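To start, the structure itself, in structure tokens.
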Amino acid sequence: MKRILTYGTFDLLHFGHIEILRRAKALGDYLVVAVSTDEFNAIKHKKAYHDYETRKKMLEAVRYVDLVIPEKTWEQKHNDVKEYHIDAVVMGSDWEGNENFECLRDVCDVIYLPRTEGISTTKIKKDLGLQNPDNSKNQIPETSDEHKSSKTK
Ligand code: C2G
């Protein structure tokens, strides 16, 4: 049985998220999704609209997902790979080359799949006009799929 692991915030679950989950599952037989806790999102400078429990439940309802675990730190990934007997970590291409994943190559495969263009949590909010008149900030907490690939531990 080939076991796959992926990480993310998965806020305002959208087609891009579903597509990465679908393709990740297609690479194996069992998909573990590590979803960022609200506290870890703060470390990632993200503020999700849905809290952790809600995002976890939504992911558990997705047919491709077999298990949802919390992502609490940048450093837990080696442990996750060992604890869940992971064969491959799969991420969207916006993470390609990021040290948080490249460092896992000694314990599992690391695969980046093309990001689904034209959709992101930030775009959804902008398209729905969920911004204050002065556009200074969103009426709902800021969260964004876009992030700098220079993210480090
Ligand atoms: N994604 C995608 N296409 C999109 C949007 C997102 O393929 N249009 C992918 C991302 O590349 C990522 C996953 O969906 O692999 C989850 O994206 P986010 O919820 O934005 O998660 P992120 O902030 O990238 O958190 O430790 C890693 C982090 O937890 C990843």
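Can you find a residue in region 5-20 that is outside any helix (DSSP H, G or I), more than 8 Å from the ligand (Cβ to nearest atom) and within 16 Å of L113 (Cα to Cα)?
Checked against the condition, which is being outside any helix (DSSP H, G or I), more than 8 Å from the ligand (Cβ to nearest atom) and within 16 Å of L113 (Cα to Cα), region 5-20 yields at least one hit.
In region 85-110, of all residues being of a type in the set (D, E) and under 18 Å from V32 (Cα atoms), the one that is nearest to the ligand (Cβ to nearest atom) corresponds to D109. One residue alone among K82, K2, K72, K47 is more than 10 Å from the ligand (Cβ to nearest atom), open to solvent by 50 Å² or more (accessible area, probe 1.4 Å) and modelled with pLDDT under 95, and that residue is K47.
Would you mind finding the one in I111, I119 that is out of contact with any Cys (no Cβ under 9 Å at 6 or more places or on another chain), in contact (Cβ under 8 Å) with a residue 40 or more places away in the chain, part of a loop (DSSP other than H, G, I, E, B) and on the phi < 0 side of the Ramachandran plot? I119 is the lone residue from the list that is out of contact with any Cys (no Cβ under 9 Å at 6 or more places or on another chain), in contact (Cβ under 8 Å) with a residue 40 or more places away in the chain, part of a loop (DSSP other than H, G, I, E, B) and on the phi < 0 side of the Ramachandran plot. Here M58 meets the list (1) within 12 Å of the ligand (Cβ to nearest atom); (2) part of a helix (DSSP H, G or I); (3) open to solvent by less than 50 Å² (accessible area, probe 1.4 Å) almost entirely, failing just condition (3). Residues that are over 14 Å from H17 (Cα atoms) and open to solvent by less than 10 Å² (accessible area, probe 1.4 Å) within region 87-107 comprise A88, V89, N98, N100, F101, L104, listed in sequence order.
The values are calculated or read from the model by the stated rules, or taken from the named source; none is laboratory data. Just so it is clear, the model here is predicted, and its values are computed rather than measured. Don't worry about glycine lacking a Cβ; one is built from the backbone with ideal geometry, like all the others, and counts go over all protein chains shown. Surface accessibility is based on the protein's heavy atoms, side chains included, excluding ligands, DNA and RNA. Shrake-Rupley method; radii C 1.70, N 1.55, O 1.52, S 1.80 Å.
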